[in-house]
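Presented below is the structure to which this report refers.
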């Protein structure tokens with residue numbers, strides 16, 4: 001279990017629901033909120049930068065970190081492993097900053113066990129039809145791949161009951177406001193604001 | 001206990017902390033959020049309108065409502081009674097709208113007993129000095145009255161541990177964003193969004 005003054009937020013969504021757009025805007029707009037950078041054994045894709053998009057490490061190093069308890073959670077997806085490093089997370093939270101983790105549903109479930117007070121946010125696509133259209137408009141996938149992605153999206157969607165907050169991504173502005181609100185409201189919680197309240201009280 | 005699809009929010013603050021400004025802006029900006037209108041036995045002040053600012057009723061009617069269990073909470077302050085009507089609250093919440101109650105700390109504590117899942121918000125003035133300055137700049141009170149108000153403010157402030165959220169009213173824009181976020185985040189909670197998620201899921 002990790003002790004932390006900062007808040008941990010987890011965001012998951014079916015592929016194509018618009019999660020990355022929302023999450024990137026959030027981290028750019030809200031002060032003292034930082035993205036968690038995962039470790040992975042997969043190779044960098046074109047444009048990906050080590051230490052910004054992921055920490056790219058080899059299988060042996062990943063094995064060693066697992067053995068040392070160096071991950072808060074880790075999962076294997078399509079033959080590659082992804083994990084959230086314990087040291088980085090702990091050090092960042094200790095500074096009072098909040099951390100946003102963009103992880104898929106299995107990793108999120110594992111993270112909840114390590115950090116029970118993590119706030120879990122699930123982004124809902126507005127509909128199956130709109131998700132299919134977004135996938136098609138990217139032009140990356142064949143019909144068959146799109147069918148597989150939609151089936152996988154349904155499986156991901158079925159995990160929503162494990163989340164604390166659901167944000168429907170139909171209207172981008174409104175969705176963003178709800179998403180951001182979850183972070184700001186968490187910062188206004190009494191547990192977090194008690195030192196501020198005590199400071200005000202002492203002046204009276 | 002009141003069953004309700006809508007959320008109940010309570011806001012309290014020491015006099016002069018800027019609560020009314022924040023609350024009025026909130027109700028004007030956020031759709032489907034309405035102010036609770038209290039019943040009171042005090043006489044209307046100039047400009048106050050029955051059914052908008054309060055329901056102004058006499059002592060006998062107030063007694064009858066107390067006897068019938070017509071109030072979710074009621075309190076006596078400086079010889080006048082104030083209460084939140086059960087029927088109006090129940091009917092409004094049943095439509096799915098959220099209700100904001102602007103009540104002082106004793107009433108808030110009573111309301112929490114009737115509606116345990118009410119979200120309780122306390123507005124903190126930035127400091128004793130700033131509160132004193134705000135009270136002086138209103139030009140309504142003598143030095144003696146200001147001293148009494150500050151003492152009362154301290155007493156009110158000491159009730160903050162009974163609240164779920166604390167909003168420091170130092171920067172109006174930032175304070176407003178935090179205040180509004182508490183309402184929007186409550187609307188994104190899974191319990192409230194489950195019908196939406198189920199609707200999306202059925203399309204897959």
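Here, each number is a calculation from the coordinates, and none is a lab measurement. Predicted model only: the values in this text are computed from it and were never measured. Heads up, the Cβs are rebuilt from the backbone with ideal geometry, glycines too, and the neighbour counts pull from every protein chain shown.
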Rounded tilt (10° steps) of B:190-202 against the dominant C-alpha axis of chain B: 30
Volume in Å³ per residue [convex hull over Cα atoms, computed for segment A:137-191]: 111
Size-normalised alpha-carbon gyration radius of chain A, reference 2.2 N^0.38 Å: 1.10
Translational diffusion coefficient (Stokes-Einstein; Kirkwood radius from C-alpha pairs) of the protein assembly as shown at 20 °C, 1.002 mPa s, in µm²/s: 90
Rounded to 5, percent antiparallel among DSSP beta bridges of chain B: 30
Gain on full stretching of the segment that runs from residue B:52 to residue B:158 - 0.36 nm per residue minus C-alpha separation: 35.1 nm
FRET efficiency, residue B:148 to residue A:174 (Cβ-Cβ, R0 41 Å, nearest 0.05): 0.35
Position residue A:129, label points 7 Å along Cα→Cβ, spacing to each other copy in nm (shortest first, one decimal): 6.2
Rounded to 5, percent antiparallel among DSSP beta bridges of the protein assembly as shown: 35
Degrees between helix A:19-29 axis and first principal axis of chain A (Cα, 0 to 90, nearest 10): 30
Peptides B:44-52, A:148-156 ordered by average Cβ neighbours within 10 Å, highest first: A:148-156, B:44-52
Inter-copy spacing of residue B:32 label points, which lie 7 Å from Cα along Cα→Cβ, given in nm from shortest upward: 3.2
Calculated FRET value between residue A:95 and residue B:59, using beta carbons and R₀ = 41 Å, to 0.05: 0.10
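Report the relative contact order of chain B, percent, no decimals, based on alpha-carbon pairs under 8 angstrom and at least 6 residues apart. Intermediate values should be presented prior to the final figure.
Details: 278 pairs, mean separation 61.6, N = 204.
Result for chain B is 30 percent.
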MRE, 222 nm, helices only [DSSP H, n ≥ 4, -39500 (n - 2.57), over chain A, to nearest 500]: -14000 deg cm²/dmol
Degrees between helix B:172-187 axis and first principal axis of chain B (Cα, 0 to 90, nearest 10): 40
Per residue, the convex hull volume that the Cα atoms of segment B:1-95 enclose (Å³): 121
